Amino acid sequence: MAHYEAPIREPLIVGDKTYHDISNDIAAPIEGKANKWWWGVFLLALTAFLWGIGAIAYTIGTGIGVWGLNNKINWAWDITNFVWWVGIGHAGTLISAVLLLFRQKWRMGINRSAEAMTIFAVFQAGLFPVIHMGRVWNGYWTMPIPNQFGSLWTNFNSPLLWDVFAISTYLTVSVVFWYTGLLPDFAMIRDRATKPFQKKIYSLLSFGWTGRAKDWQRFEEVSLVLAGLATPLVLSVHTIVSFDFATSVIPGWHSTVYPPYFVAGAVFSGFAMVQTLLIVMRKVSNLEAYITRVHIENMNKVILVTGGIVMVAYLSEFFVGWYSGSSYEDFTYLSIGAATGPYWWAFWALILCNGVFPQLLWIKKLRTNYTVSFIMAIIINIGMWFERFDIIVINLSRGHLPSTWTMFEPTFVDIGIFMGTVGFFFVLFLLYARTFPVVAQAEVKSILKSSGDNFKRERDNK
Amino acid sequence: MSDKVIHAIYDDDDVLLKAVKEVREADHHIEEVYTPFPVHGLEKAMGIGGTRIAITAFLYGLTGLGFAVWMMNFMMIEDWPQNIGGKPSFSYAENMPAFVPIMFELTVFFASHLMVITFYMRSKIGPFVKASNPDPRTTDDKFLMEVPVTGDEKELESFLTKTGAIETKIVEKH
């Protein structure tokens, strides 16, 4: 009875799989050849990436005056994109760490790709503050070192410096967590590789993993402790990102609800991105047996919950702003002024994409449908981009002094850098999908007997 | 003392777990077991003690916290105190709320990275380490038990086969 699992739980691995089948299925995309679709999408992403590099080079060479920023709106797409990408990253850690602590077995089919997404997304996020410095060659001034003119140190009272520490801790810890989990899977690829070059590469990547009993014991303990550390870490990261706004005195930014609201929004957008990627990947890489309807439905449920939290935050912000009776609050990003002002389209994009459409997921038929889930994920990705755009641009466009009220117009450089990071993200993810074991096969093997379709059926028929 | 060991290969984790118990009951020493995934209860059955790596993580975390406090106290209070936004930096305790985020981040940073480095060093894994699993199938779907030969090797071989091993091989170990 060691592998007993309640019959009411749907199998997480469908089809009659054996341990060896799992190895074959996970190794197949690595050992096979890329098809036309992969090359098509890869070249498209690469083009966008190169365009982005051009736009970044132009920005660095000329200065950030090439962006659409003006006197009043001095933060815009760059910080929008930064927060958007960091937020997307949060889902990977939530899946790999929080769900591990809660012993959710369904995380095993998707945690590898979700964490890969986290790392690639945080990487994009990190680019924006660096570019926004204008003089990127002075980027190391954010490190706690005295500057060369004396012994002036970095300012540890500043939320922007907290960001430096939070994001770099988050990125490096995520990489280490991800890589440690990858070792047994690289070892599996290494031991079955027939081409000498492939064998060499995977031998190097697998760090000589052999799977001794003691190593597994430590491996599991390390995973558990890393999950315990990564859980508060991921909450702290978006909390600190929200401090960038919440500690200021700009109407609409100066809000104590920001930290929990940002974290919920981050998980919301991150799960949408995981859906976007995995619904395609399960088809393209023939992983339908491991990323099932159950996985998609569970992720949709998380989207519903976090989307609900976000919606409640919107409503309370709107209400409290109005109830305060302060005239400044009439023009914040959640106010009558925003809903009817020149940025009405951004306001309603936020409400519709994040608040209204996701409610359709309450219907079981829709949240178990792949096409609907995919479209919904895209809508949420767009909606969450608008959330950050609204927070930053709408609030800055309507300041304390009406004579300074203005609009923001992105230049081709703003757009180019954003598209460039989208391209870069997909370049990394597509390369990952062809060279890395995209499902944590060792972990999946450990739940095969409890959650595998054939094993469950056999046990239940007894 | 003979340098010979038997490599017994199993193809099921439950059979392996039962075999480990039987082999130990028959007073044979199990040198090592290689498995493709973590088999729960295996280390207990083999008599391997618990790991103390979580304790090291706690100590590394304390180190990180201490380092953060020392660093910010030195930079913000002792070496170059500044009046930032009307909030003078005269004592660490009074300014502490602003330092909490970085105290937390460095605790996590130290605990995570040093624990993983400890894990890699203790388990002797790392870049350029050559894998030493005796059979490549042990990362796929087979489980390998290494038992040193004492006494009659034929007898031991048939005993291991009886516990469910699908293959046994006598190997000279150097």
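The values are calculated or read from the model by the stated rules, or taken from the named source; none is laboratory data. The structure displayed is predicted, hence computed values, not measured ones. Reconstructed Cβ throughout: ideal geometry from the backbone, glycine too, with neighbour counts over all protein chains shown.
Once the stretch A:205-214 is narrowed to residues that are in contact with a Lys or Arg (Cβ under 9 Å, 6 or more places away or on another chain) and assigned to a helix (DSSP H, G or I), the residue that is farthest from the other protein chains (Cβ to nearest Cβ) is A:205.
Working only within the stretch A:85-130, note down all residues that are basic (Lys, Arg) and surrounded by fewer than 24 Cβ atoms within 10 Å (Cβ to Cβ).
Kept after step one, since they are basic (Lys, Arg), are these residues of the stretch A:85-130: A:103, A:105, A:107, A:112.
Result: A:103, A:105, A:107.
Yes or no: the stretch B:33-42 includes at least one residue that is under 26 Å from the mean Cα position of the chain (by Cα) and surrounded by fewer than 19 Cβ atoms within 10 Å (Cβ to Cβ). There is at least one residue in the stretch B:33-42 that is under 26 Å from the mean Cα position of the chain (by Cα) and surrounded by fewer than 19 Cβ atoms within 10 Å (Cβ to Cβ). Looking at (1) in contact (Cβ under 8 Å) with a residue 40 or more places away in the chain; (2) more than 8 Å from chain B (Cβ to nearest Cβ); (3) farther than 19 Å from residue B:105 by Cα, can you tell me which one residue A:138 breaks? Condition (1) is where residue A:138 drops out.
Of all residues in the stretch A:163-182, none are in a helix (DSSP H, G or I), away from every other protein chain (no Cβ under 14 Å) and in contact with a helix residue (DSSP H, G or I) (Cβ under 6 Å, 6 or more places away or on another chain). Of all the criteria given as (1) in a loop (DSSP other than H, G, I, E, B); (2) at pLDDT 90 or above, the one not satisfied by residue A:34 is (2). Among the residues of the stretch A:416-453, those identified as assigned to a helix (DSSP H, G or I) and within 14 Å of chain B (Cβ to nearest Cβ) are A:441, A:442, A:443, A:444, A:445, A:446, A:447, A:448, A:449, A:450, A:451.
Residue A:133 satisfies every condition listed in (1) farther than 21 Å from residue A:437 by Cα; (2) hydrophobic (A, V, I, L, M, F, W, C); (3) buried (at least 21 other Cβ atoms within 10 Å of the Cβ) except (3).
Mind checking which residues of the stretch A:422-462 are of a type in the set (D, E, K, R) and surrounded by 19 or more Cβ atoms within 10 Å (Cβ to Cβ)?
Passing the criteria: A:443, A:445, A:449, A:456.
Regarding the stretch A:278-299, can at least one residue be identified that is in contact (Cβ under 8 Å) with a residue 24 or more places away in the chain and at positive phi? Yes: the stretch A:278-299 contains one or more residues that are in contact (Cβ under 8 Å) with a residue 24 or more places away in the chain and at positive phi.
For the stretch A:287-315, a residue qualifies if it is over 20 Å from the mean Cα position of the chain (by Cα) and exposed (fewer than 15 other Cβ atoms within 10 Å of the Cβ), and the qualifying residues are A:288, A:312, A:315. Kindly indicate whether residue A:257 is within 14 Å of the chain's Cα centre (by Cα) and more than 9 Å from chain B (Cβ to nearest Cβ). In short, no. Cβ separations smaller than 7 Å between residues 6+ apart or across chains give the following pairs from the stretch B:136-164 residues that are more than 14 Å from chain A (Cβ to nearest Cβ) to residues that are among the hydrophobic types (A, V, I, L, M, F, W, C) and surrounded by fewer than 13 Cβ atoms within 10 Å (Cβ to Cβ): B:159/B:26.
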